[in-house]
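What follows is a set of notes on a single structure, which appears directly below.
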Amino acid sequence: PLSAAAVVGAGLGGSAVAYFLQQHFGPQVQLDVYEVAGVGGRLATVTVNKQQYESRGASIHALSLHMQDFVKILGLKHRREVAGKSAIFSGEHFVLEETDWYLLNLFRLWWHYGISFLRLQMWVEEVMEKFMRIYKYQVHGYAFSSLEELLRSLGGDAFVNMTQRSVAESLLEVGVTQRFVDDVIAAVLRSSYGQSVLVPAFAGAMSLAGAQGSTWAVEGGNKLVCSGLLKLTKANIIPARVTGISLHSSEGRALYEVHYEGSEGQGSAFYDMVVVTTPLHPSRSNFTFKNFEPPIANFPGAFQPSVTSVVHGYLNSSYFGFPDPKLFPFASILTTDTPDLFFNAMDNICPVNISAAFRRKQPQEAAVWRVLSQQPLDKQQLKTLFRSYYSVQVTEWQAYPRYDAAKSLPPIVLHENLFYLSGVEWVASSMEMIAVAAKNVALLAYNRWHQDLEKIDQKDLMHKVKTEL
């Protein structure tokens, strides 16, 4: 039996994988979770005027079944939706404006972009429908030893190719016009990944699904999912930074020594199994692997720096062509890929705890806006967007993979019982993708430990799963 397992990182990936490992291996396994910065990882909040706001990872797609499950299991609630309109800004004018009237929105999209809008929806729906197969496979205990195998089992080689070519290329191929790509697709990808239409088609599809589907968030903050899962699992949280892993063996089995440094100084501990959920990337963690033969290499690719500024202030609506702020109708503004635009998106955000009486601030009142940009905003840029402001809180983070940088997907299995979870972000980066990867790693670890090879990398799974029912 497995006696001790370590999880490196306590963001969503780490907390979910700890939970799933315990589900499969049982509560007798000692689970240590190493986290230096605080549970929740990128799911963080900032406080403005005694209220908390999500500073990043904000919305969850309606079809995110693992996230839905976590919320149920933990007794958390969905945050109340506060409606608001959005628009796409080109730096000079709005290229697309949402109205209160659904039919008019459709008509405008239709009028401006013809059939492109429909073709986009069909394309995204087809990808999502195939992606949803993963839940069936996982319920039946099937796992995949590489990201390529996982994608292939969902959508064949076409899915694997979608990680190697751009979303723009894929959409143009199904008959979406260049104009729709430049106006609408570019704006959505800038607001989600902070990148252009050159991101891979698969990551793009996931981001576009989030833009057109209904989304939700957790009452009290999405990071409650992480702390909740770790409490439920009764995992032992070690506040230290892991510096490396070295391989030893005992009685023919691999044994891993995890080296760490915390406020008490340096230490190490031995485990039968380790799951790394922080990015193994020179810019993100300087991790050393010792005694592995062949050696475990550094992974290619880079991360996209991204800046979130949470600003409490008065919007300068005249910059957007509305001299009278009372008439400014939008709660969120996406932007096209224009050289002089210094921000990717901005939205008038609501606190993580929304009371029944809560209403969104009127455009002429001081409100809390979240501005996403590539570089920190300077005084002049803040003055452009806001007439005046009380406070600005800036978080800089290495948010997403720079998708144009890597040609191949990172491995999941680094060694016998040593697994890597974060590589999934190179396929697409969303909370649900990470939860799916966490479930896959837990199943893979379990099936390998018990030598149940029938459950790993099986071909023709759709057929197998149908006959098993």
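Each value in this text was obtained by applying a stated rule to the coordinates, not by laboratory testing. None of the values given here were measured: they were computed from a predicted structure. Please note: Cβ atoms are built from the backbone with ideal geometry, for glycine as well, and neighbour counts cover all protein chains shown.
On a 0 to 90 degree scale, rounded to 10, what angle separates helix 147-161 from the longest Cα axis of the chain?
40 degrees
Do any trypsin sites (Lys or Arg not before Pro) in region 139-200 lie in a loop, going by DSSP, with at most 16 other beta-carbon atoms within 10 Å of their beta carbon, and if so which?
When the trypsin sites (Lys or Arg not before Pro) of region 139-200 are filtered for loop state and at most 16 Cβ neighbours within 10 Å, R165 remain.
For helix 201-212, report the angle its Cα long axis makes with the longest principal axis of the Cα atoms of the chain; keep it between 0 and 90° and round to the nearest 10°.
50 degrees
Hey, rough spin-label estimate for S391 and H93, points 7 angstrom out along Cα→Cβ, what's it come to in nanometres?
Taking the simple label geometry, S391 and H93 are separated by 4.0 nm.
Hand me the trypsin sites (Lys or Arg not before Pro) from region 233-274 located in a DSSP loop with no more than 14 other Cβ atoms within 10 Å, in residue order please.
Loop-located and lightly packed - K234.
Report, as a whole number in µm² per second, the diffusion coefficient that Stokes-Einstein gives for region 222-381 at 37 °C and 0.692 mPa s using the Kirkwood radius over alpha carbon pairs.
158 µm²/s
Counting Lys +1, Arg +1, Asp -1, Glu -1, what net charge surrounds F358 among other residues with beta carbon under 14 Å of its beta carbon?
Taking every other residue near F358 into account, the sum is +2.
Quick one: what Rg and Dmax do you get for region 365-467 from the alpha carbons, in Å?
21.9, 64
Counting only GluC sites (Glu not before Pro) that are in a DSSP loop and have at most 13 other C-beta atoms within 10 Å, tell me the longest site-free stretch of the chain.
Result for the longest clean stretch: 93-250.
Residue-wise, which Karplus ³J(HN,Hα) couplings in Hz belong to region 333-347, taking 6.51 cos²θ - 1.76 cosθ + 1.60, θ = phi - 60°, and x for glycine or proline?
Whole-Hz 3J(HN,Hα) from phi for region 333-347: 10, 9, 10, 7, 7, 10, x, 8, 7, 9, 9, 8, 5, 8, 9.
Could you estimate the translational diffusion coefficient of region 5-52 from the Stokes-Einstein equation, with Rh from the Kirkwood formula over C-alpha pairs, at 20 °C and 1.002 mPa s, in whole µm²/s?
178 µm²/s
Assuming R0 = 41 Å, what is the FRET efficiency of N161 and Q362, from their Cβ-Cβ distance, to the nearest 0.05?
According to the calculation, E is roughly 0.30.
Where nothing but the Cβ of Lys and Arg (+1) and of Asp and Glu (-1) is charged, how large is the charge dipole of region 277-409 around its Cα centre, in debye to the nearest 20?
So the dipole magnitude of region 277-409 works out to roughly 300 debye.
Antiparallel as a % of all DSSP beta bridges within the chain, to the nearest 5?
70 percent
Scaled to the compact-protein estimate 2.2 N^0.38 Å, what is the alpha-carbon radius of gyration of region 39-106, rounded to two decimal places?
Relative to the rule-of-thumb radius for its length, region 39-106 sits at 1.52.
Sort out for me the Cα centre separation of region 353-427 from region 22-79, rounded to whole Å.
The distance from the Cα centre of region 353-427 to that of region 22-79 comes to 17 Å.
With just the Cα atoms of the chain, tell me how far they stretch along each of the three principal axes, in Å, largest first.
Largest to smallest, the principal-axis extents are 76, 52, 40 Å.
I'd like the FRET efficiency for K50 and K231, computed as 1/(1 + (r/R0)^6) with the beta carbon distance as r and R0 of 22 Å, rounded to 0.05.
In this case the efficiency is close to 0.30.
Have a look at T338, V127, L104 and report the one farthest towards the positive end of the charge dipole of the chain, computed about the Cα centre with Cβ charges (Lys/Arg +1, Asp/Glu -1).
My answer, from the dipole projection, is L104.
To test your reading of the geometry: what angle, between 0 and 90 degrees and rounded to tens, separates the Cα axis of helix 12-25 from the longest principal axis of the chain?
40 degrees
Calculate I(q)/I(0) for region 249-295 by the Debye formula, one identical point scatterer on each C-alpha and no solvent, and give its log10 at q = 0.15, 0.22 Å⁻¹ to two decimals.
So the normalised log intensities are -0.51, -1.02.
Between F107 and W449, what length comes free when the chain is fully extended (0.36 nm per residue of separation minus the Cα-Cα distance, one decimal in nm)?
Net length gain for the segment: 117.5 nm.
Once the piece of chain linking S146 and D69 is laid out straight, how much longer is it, given 0.36 nm per residue of separation minus the C-alpha distance between them?
Length gained between S146 and D69: 25.2 nm.
Just to compare against my own numbers: the Cα pair-distance distribution for region 345-415, 5 Å bins, whole % per bin, please.
That works out to 3, 10, 17, 18, 13, 11, 9, 7, 6, 5, 1, 0, in percent per bin.
Between E468 and K77, what length in nm is gained on full extension when 0.36 nm per residue of separation is reduced by their alpha carbon distance?
137.3 nm
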